[in-house]
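Single-structure report; data block below.
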Amino acid sequence: MPTIDSGRQRARLTHEHLDVVTHLLHGQPVPAGRADAERELTDAGLLRSGAPVEFLAELVAQLTQAEISIDVEISGRDGVSTHGALLTSTLCWTVQGWPGTEEKEYALLDPRLLPTWLAATLGLSTEGSSESEPEVDSTVGALDAALATRGALEARLDAGGSLLDGAAETLGAIGETPGIPPRLAELLTFERRAWRVTCSWRQGDQLAVRAVAVVDAGPQGLWQRALPAEPVGPEPLPPTTALRFRRLSPSETFRAVGELVPRSTER
């Protein structure tokens with residue numbers, strides 16, 4: 001159910017709830033497909049006499065004025081979650097998701113704290129060894145095959161076991177995948193999560209986009225996907241596409257994420 005906490009300037013909403021409020025703010029009828037979302041907002045006391053309460057109206061109005069959009073996708077054993085931030089010239093609204101649900105928390109944040117918020121959302125830490133080769137190469141097809149092998153092993157552990165409990169078996173199975181070097185097999189075995197941060201903004205008449213994708217392999221460190229270079233579109237890549245992961249230190253990762261946000265001279 002939608003809810004707001006105006007004292008802490010935050011709300012829990014779905015995209016459908018936002019769409020309902022947007023239509024109402026523009027004096028447009030709510031589409032029939034959004035009837036359930038409109039009823040939920042009314043039952044929660046967030047629509048009164050067909051109009052959104054003040055905090056909700058201000059939140060949605062500010063979101064529609066965003067000049068910079070930051071999208072974060074994090075995938076792990078429990079599924080995929082999406083997060084992000086929307087920045088106007090003076091404000092920043094963060095978006096926090098959760099695997100398996102469409103509801104997200106929208107919270108107002110001091111823009112100066114955005115780098116810290118992103119680091120916390122991505123789970124950046126100082127953990128990880130740097131005592132290995134700085135790059136590892138493969139192909140997209142080999143990676144897909146290795147992930148399929150790992151997925152089959154994970155399915156056997158759905159009763160509550162951990163993939164790390166059978167690390168030796170997992171490492172061996174992934175390492176047998178053609179085209180997967182031993183170092184990459186280790187990264188996939190100990191992978192804690194994989195994430196991608198995409199920043200977009202208008203640059204004149206064009207949409208400018210920058211992105212970075214990283215595998216967090218826990219004790220094996222942080223590895224940026226250098227090839228294929230971001231941003232990568234939604235279209236499937238040919239299996240023969242070159243794949244390269246480059247090891248980054250925590251500080252390099254933090255800097256790479258921060259450099260996605262455009263300077264004032266770029267807008």
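Residues in region 130-138: is at least one modelled with pLDDT of 95 or more and either of a type in the set (A, V, I, L, M, F, W, C) or part of a helix (DSSP H, G or I) (or both)?
yes
Can you spot a residue in region 19-26 that is in a helix (DSSP H, G or I), among the charged types (D, E, K, R) and free of Cβ contacts under 8 Å to residues at least 60 places away in the same chain?
Within region 19-26 (the criterion being in a helix (DSSP H, G or I), among the charged types (D, E, K, R) and free of Cβ contacts under 8 Å to residues at least 60 places away in the same chain), the answer is yes, since at least one residue qualifies.
List pairs: first in region 135-155 and under 19 Å from P228 (Cβ atoms), second of a type in the set (G, A, S) and part of a helix (DSSP H, G or I), Cβ under 9 Å, 6+ apart or cross-chain?
Note: pairs meeting the criteria are S138/A146; A146/A173; A146/G175; A146/A185.
When region 81-93 is examined, which residues are found to be surrounded by fewer than 20 Cβ atoms within 10 Å (Cβ to Cβ) and touching a Gly at 6+ places or on another chain (Cβ under 9 Å)?
Answer for region 81-93, where residues must be surrounded by fewer than 20 Cβ atoms within 10 Å (Cβ to Cβ) and touching a Gly at 6+ places or on another chain (Cβ under 9 Å): just T82.
Being within 24 Å of the chain's Cα centre (by Cα) and either of a type in the set (A, V, I, L, M, F, W, C) or surrounded by fewer than 17 Cβ atoms within 10 Å (Cβ to Cβ) (or both), is that true of even one residue in region 171-178?
Taking every residue of region 171-178 in turn, none turns out to be within 24 Å of the chain's Cα centre (by Cα) and either of a type in the set (A, V, I, L, M, F, W, C) or surrounded by fewer than 17 Cβ atoms within 10 Å (Cβ to Cβ) (or both).
Give the number of residues within region 52-90 that are of a type in the set (A, V, I, L, M, F, W, C) and more than 24 Å from Q206 (Cβ to Cβ).
Matching residues across region 52-90 total 9.
Pairs needed: first member in region 173-194, over 16 Å from L153 (Cα atoms); second member anywhere, of a type in the set (D, E, K, R) and surrounded by fewer than 22 Cβ atoms within 10 Å (Cβ to Cβ); C-beta distance under 9 Å; at least 6 residues apart or different chains.
Between residues of region 173-194 that are over 16 Å from L153 (Cα atoms) and residues that are of a type in the set (D, E, K, R) and surrounded by fewer than 22 Cβ atoms within 10 Å (Cβ to Cβ), the close pairs are P181/D137; R183/E133; L184/D137; R193/R77; A194/E73; A194/R225.
Looking at region 68-104, which of its residues are farther than 17 Å from A194 by Cα, charged (D, E, K, R) and at pLDDT below 95?
E102
Within region 181-201, is there a residue that is more than 20 Å from T139 (Cβ to Cβ) and among the small types (G, A, S)?
Within region 181-201 (the criterion being more than 20 Å from T139 (Cβ to Cβ) and among the small types (G, A, S)), the answer is yes, since at least one residue qualifies.
When you go through G84, G45, G7 one by one, which is the residue that is of a type outside the set (A, V, I, L, M), assigned to a loop (DSSP other than H, G, I, E, B) and at positive phi?
Being of a type outside the set (A, V, I, L, M), assigned to a loop (DSSP other than H, G, I, E, B) and at positive phi holds for just one of G84, G45, G7, which is G45.
Does E252 satisfy the criteria of being free of Cβ contacts under 8 Å to residues at least 40 places away in the same chain, assigned to a helix (DSSP H, G or I) and farther than 23 Å from I68 by Cα?
When the stated conditions are applied, E252 does not pass them.
For residues that are farther than 24 Å from T189 by Cα, of a type outside the set (A, V, I, L, M, F, W, C) and surrounded by 12 or more Cβ atoms within 10 Å (Cβ to Cβ), tally how many sit in region 215-267.
6
Determine whether region 94-116 contains at least one residue that is surrounded by fewer than 20 Cβ atoms within 10 Å (Cβ to Cβ), in contact (Cβ under 8 Å) with a residue 12 or more places away in the chain and closer than 26 Å to R247 by Cβ.
Among the residues of region 94-116, at least one is surrounded by fewer than 20 Cβ atoms within 10 Å (Cβ to Cβ), in contact (Cβ under 8 Å) with a residue 12 or more places away in the chain and closer than 26 Å to R247 by Cβ, which makes the answer yes.
Would you tally the residues in region 183-206 being within 26 Å of A173 (Cβ to Cβ), in contact with a helix residue (DSSP H, G or I) (Cβ under 7 Å, 6 or more places away or on another chain) and part of a strand (DSSP E or B)?
Here the count works out to 1.
The values are calculated or read from the model by the stated rules, or taken from the named source; none is laboratory data. Keep in mind the model is a prediction, meaning the values are calculated, not measured. No Cβ is skipped: glycine too gets one built from the backbone with ideal geometry, and neighbour counts run over all protein chains shown.
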